[in-house]
Amino acid sequence: MANDKNVLVVNCGSSSVKFAIVDPQDGKVAVSGIAEALGLDDARISWSFQGESKREESLGAGADHARAIDFVVDTILAAHKELLDSLAAVGHRIVSGGDLYSQPTLVDDSVEAGIEKCIPFAPLHNPAHLQGIRAARKVFPSIPHVCVFDTAFHQTMPEYAFRFAIPEKYYTENRIRRYGAHGTSHYYVAGEACRELGADPENFNVITCHLGNGASISAVKNGKCIDTSMGLTPLDGLMMGTRSGSIDPSVIFFLCDNMGYTAQEVCKILNKESGLMGISGKTSDFRGITEGKLAGDEKCALAFDMFCYRLAKFIASYYVPLGRVDAIVFTGGIGENSFRMRQRVMELLAPFGVKIDEVKNEKALVFKGGRGLISAEDSSVKVTVIPTNEELIIARLAADFAK
Ligand code: ADP
């Protein structure tokens, strides 16, 4: 790799740090890894250089995010000075920038303060991001650090889409509104779809479905997000691995008032015990759900049906903000891999003129590296599978600040 053109992408979770050195030009990853179980006795880190097998080491009991980042630089990269020297920027993935950030932003002390202000919207993630940023700024004081916010892409939503129908003071005084999430992925696949379909970026309406353990959907008009399914937090919207998605809020009062649960307990039920997990009673993993369904497990079949039904209804509802839909994109682990889910969802969308090419849909995994059109020639809407690549887009956005 040539000098001064790589980006270190850092993604801090509540107890983990994912890292990768990415070439923003061609997306090549020189080294990537993950530190896990931070704060616990078995805190550890694993990594692999391109083409080499994975290595793993203990970080020592109770190691924190700063220790993980120091280990990356002092131990993993110590023998690869050329990689360290090649770093043009550090890109930090940030879950919530609230309504403060609508663009990737160069980090300084005021941006750290802004991320701190958004902690109520991402109480597990934003404190971890701050630890990562502070540690990385210490180690790399003289290259740009750039924050790429999951919420930023959704800041173009009109007010009638992002407000909740509750008294205004909760918005003006407490900033309670729809912020969305997965913005980097929605932005990336919307752009890729436009490019691949040879569409005019100024006249291209697309519905992007990011379906992983967390799942969200966005309506994107001419490159700008105009609606999205996640809300104040990632709990809203689609049914997910362990999250309920949208439910009648009265369920919460019922659980508290009639069954004696605390708000915190209900929060755990809706975030960690619901979704595919709650309905199947077995697994939050879509592969497991599909295998269960094929083996005749009725609860897995119900979970599969609910996931597809709710997704199809959400897609249908986005015909309203978009007016005309040119394309639908599937991405994320489920979107990229489950041809059965895609088939069911497209069948449910038949009233809108969506038509599937069953052969292409089943083969989406083997042509062009898992991407490509899966709609029939005479479908009213092009439906396409595009693997997401959040690291690459973070690297590209961060590299722009190093020019
Ligand atoms: P995350 O949101 O954690 O990044 P991913 O985008 O990796 O998650 O998606 C994980 C989901 O993708 C899991 O539910 C997994 O079962 C599902 N998945 C991965 N491969 C397949 C497959 N071949 N068929 C169906 N689902 C799959």
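Values computed for the structure shown
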| quantity | calculated |
| --- | --- |
| Which numbered condition Tyr309 misses (of (1) in contact (Cβ under 8 Å) with a residue 60 or more places away in the chain; (2) under 17 Å from Gly237 (Cβ atoms)) | (1) |
| Every pair of residues 6+ apart whose Cβ atoms lie under 7 Å, when the first sits in segment 160-173 and is more than 15 Å from Pro249 (Cβ to Cβ) while the second is hydroxyl-bearing (Ser, Thr, Tyr) and assigned to a helix (DSSP H, G or I) | Arg163/Tyr171 |
| Any hit, segment 329-341, residues being at negative phi, away from the ligand (no atom under 12 Å from the Cβ) and in contact (Cβ under 8 Å) with a residue 60 or more places away in the chain | yes |
| Any pair with Cβ under 6 angstrom, 6 or more apart, that starts in segment 135-156 at a residue that is in contact (Cβ under 8 Å) with a residue 12 or more places away in the chain and ends at one that is part of a helix (DSSP H, G or I) and among the aliphatic types (A, V, I, L, M) | Ala135/Ala66; Ala135/Ile69; Ala136/Ile69; Val139/Val73; Pro144/Ala402; Val146/Ala398; Val148/Ile394; Val148/Leu397 |
| Check on Gly323, at pLDDT below 95 and either within 16 Å of the ligand (Cβ to nearest atom) or surrounded by fewer than 22 Cβ atoms within 10 Å (Cβ to Cβ) (or both) | no |
| Whichever residue in segment 347-403 is under 24 Å from Val9 (Cβ atoms) and in a loop (DSSP other than H, G, I, E, B) and, among such residues, is modelled with the lowest pLDDT | Gly369 |
| Members of segment 273-299 that are surrounded by 19 or more Cβ atoms within 10 Å (Cβ to Cβ), in contact (Cβ under 8 Å) with a residue 12 or more places away in the chain and within 12 Å of the ligand (Cβ to nearest atom) | Gly275, Leu276, Met277, Ser280, Ser284, Phe286, Ile289, Thr290, Gly292 |
| Single match in Asn213, Asn203 (criterion: under 20 Å from Ile386 (Cβ atoms), surrounded by fewer than 17 Cβ atoms within 10 Å (Cβ to Cβ) and within 14 Å of the ligand (Cβ to nearest atom)) | Asn213 |
| Scope segment 245-287; condition among the β-branched types (Val, Ile, Thr) and either over 27 Å from Ile217 (Cα atoms) or modelled with pLDDT under 95 (or both); matching residues | Thr262 |
| Every pair of residues 6+ apart whose Cβ atoms lie under 6 Å, when the first sits in segment 206-221 and is under 15 Å from Met341 (Cα atoms) while the second is within 14 Å of the ligand (Cβ to nearest atom) and of a type in the set (Ser, Thr, Tyr) | His210/Ser185; His210/Ser216; His210/Thr331 |
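The values are calculated or read from the model by the stated rules, or taken from the named source; none is laboratory data. The shown structure was predicted, so the numbers you read here are calculated from the model rather than taken from an experiment. Glycine also receives a Cβ, built like all others from the backbone with ideal geometry; neighbour counts cover every protein chain displayed.
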